[in-house]
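Visitor: Handing you this structure, nothing more for now.
The values are calculated or read from the model by the stated rules, or taken from the named source; none is laboratory data. On a predicted model such as this, the values are computed, not experimentally measured, just so you know. We place every Cβ from the backbone using ideal geometry, glycine too, and count neighbours over all the protein chains shown.
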Amino acid sequence: MSAVHSKSSPTALSVAYRRTLANIPFCDEIFRHYKQLFSPSDFDEEKQKKVSGDTPYIEARSLIIDRLLGKKPNISQTLELACGLTQRGVIFGNEHPDARCVEVDLLEMIERKSRVLDSLHRDRVIQRPANLSLVAGNVTDMASLSMATRSFRNEPIAILFEGLMRYLSMFEKRLVAKHCHALLSHYGGYVITPDVVTKTGVGALGEMMKKILGESYVGAKASREVSNARLGFDPAEHYFENVGAAIHFYESLGFRVGTHCLADIVDELASPGLLGIDIEIVREAFQSLHAFVMSPA
Ligand SMILES: C[S@@+](CC[C@H](N)C(=O)[O-])C[C@H]1O[C@@H](n2cnc3c(N)ncnc32)[C@H](O)[C@@H]1O
């Protein structure tokens, strides 16, 4: 397993924390149990709270996957890539007992998530559903994904991911896209993802953060340096120029791409109200952010 990839795992906790600020069901419980079990020494909750201006984005990307998945009632099998500490599998699995849900992440993250779900189950917070499998694997590796999907029926699937592509090189993005295409060519179904990392979108999010956080905003350059140090390469060099370039990338790999602008769900977000964030600042930034629904052309 690549050491490079595992360096993005700690970011899963920061994202999980932001979901608690948006009051997404079970996210507070998942985060608290994680903290209790693993006492992460490098996570300062007070400090994080001060720099959580991107919470509306973290909430929106989670919400849009759920909304778009909800529009595909024929889908009863989900494969979530780089699941981190997301709540989706445990909720979907409990709500749809006949569904099959698989979540994939790197070994350490999967072991930790498994312990968190066991702990939630033991404390009777939420049942760990028998139809949810947590699988350790590298999503750039087709063998991992074949292993992850071996319990699926020969029926359509939804492949979901958020917060993964930012940490992958263009070569790795292409590998993941090709593997998704291969899986969908076999099972049918869709990729549903807001993980369309463009320079335009990241720039708009930076502007949003600057307006929301004022002096506490560390700036795009500083956060790039942190990612750079973690990953060993500058991820910004592997962003798509704009949404058109991202569509072209997927179309050239054989996908039909439907786009959904995140601005369309701004009014459904809880976090701007909860955190006192001006919704118009969020709406403006979200004009540049999109989710894709893709299937083989
Ligand atoms: C920013 S976190 C996002 C986690 C989750 N999707 C969320 O939104 O909360 C990035 C996740 O990607 C996982 N990851 C990175 N590279 C991966 C790879 N090659 N295969 C599987 N998981 C990977 C990390 O372990 C981490 O959990």
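Visitor: Just checking, which of Leu213, Leu205 is touching a Phe, Trp or Tyr at 6+ places or on another chain (Cβ under 9 Å) and away from the ligand (no atom under 13 Å from the Cβ)?
Guide: Leu205
Visitor: Taking only the range 28-67 into account, find how many residues are among the small types (Gly, Ala, Ser), within 13 Å of the ligand (Cβ to nearest atom) and touching a Lys or Arg at 6+ places or on another chain (Cβ under 8 Å).
Guide: Residues flagged as among the small types (Gly, Ala, Ser), within 13 Å of the ligand (Cβ to nearest atom) and touching a Lys or Arg at 6+ places or on another chain (Cβ under 8 Å) within the range 28-67 amount to 1.
Visitor: Given (1) more than 10 Å from the ligand (Cβ to nearest atom); (2) surrounded by fewer than 15 Cβ atoms within 10 Å (Cβ to Cβ); (3) touching a residue at least 40 places away in the same chain (Cβ under 8 Å), where does Pro97 come up short, assuming only one miss?
Guide: For Pro97, the failing item is (3).
Here's the yes/no breakdown for (1) among the charged types (D, E, K, R); (2) within 17 Å of Tyr190 (Cβ to Cβ); (3) touching a strand residue (DSSP E or B) at 6+ places or on another chain (Cβ under 6 Å):
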site	(1), (2), (3)
Leu69	no, yes, yes
Leu107	no, no, yes
Leu117	no, no, no
Asp141	yes, no, no
Leu160	no, yes, yes
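Visitor: Considering only the range 13-51, how many residues are more than 20 Å from the chain's Cα centre (by Cα) and outside any helix (DSSP H, G or I)?
Guide: Going through the range 13-51 one residue at a time, the tally reaches 5.
Visitor: Just to be sure I understand the filter: pairs with C-beta atoms under 8 Å, separated by 6 or more residues or on different chains, first member in the range 230-242 and over 14 Å from Gly203 (Cα atoms), second member part of a loop (DSSP other than H, G, I, E, B) and among the basic types (Lys, Arg). Which pairs pass?
Guide: Listed pairs, sorted by first residue: Arg230/Lys7; Leu231/Lys7; Gly232/Lys7.
Visitor: Inspect all residues belonging to the range 148-156 and state whether any of them is within 17 Å of the chain's Cα centre (by Cα) and either away from the ligand (no atom under 13 Å from the Cβ) or modelled with pLDDT under 95 (or both).
Guide: no
Visitor: With respect to Gln87, is the statement that it is more than 15 Å from the ligand (Cβ to nearest atom) and under 18 Å from the mean Cα position of the chain (by Cα) true?
Guide: On the way: more than 15 Å from the ligand (Cβ to nearest atom): no; under 18 Å from the mean Cα position of the chain (by Cα): yes.
No: the conditions fail for Gln87.
Visitor: Give the residues of the range 118-139 that are more than 18 Å from Pro10 (Cβ to Cβ), surrounded by 14 or more Cβ atoms within 10 Å (Cβ to Cβ) and in contact (Cβ under 8 Å) with a residue 60 or more places away in the chain, sorted by residue number.
Guide: Ser119, Leu120, Val125, Ile126
Visitor: Another question, if that's okay. In the list Val176, Val104, which residue meets the criterion of being assigned to a helix (DSSP H, G or I) and either surrounded by 21 or more Cβ atoms within 10 Å (Cβ to Cβ) or of a type in the set (S, T, N, Q) (or both)?
Guide: It is Val176.
Visitor: While we're here: Inspect all residues belonging to the range 69-90 and state whether any of them is modelled with pLDDT under 95, more than 16 Å from Ala12 (Cβ to Cβ) and not polar (S, T, N, Q).
Guide: There is at least one residue in the range 69-90 that is modelled with pLDDT under 95, more than 16 Å from Ala12 (Cβ to Cβ) and not polar (S, T, N, Q).
Visitor: Right, next: If you check Phe43 against the conditions, is it of a type outside the set (Val, Ile, Thr) and at pLDDT 95 or above?
Guide: Taking the combined requirement at face value, the residue does not satisfy it.
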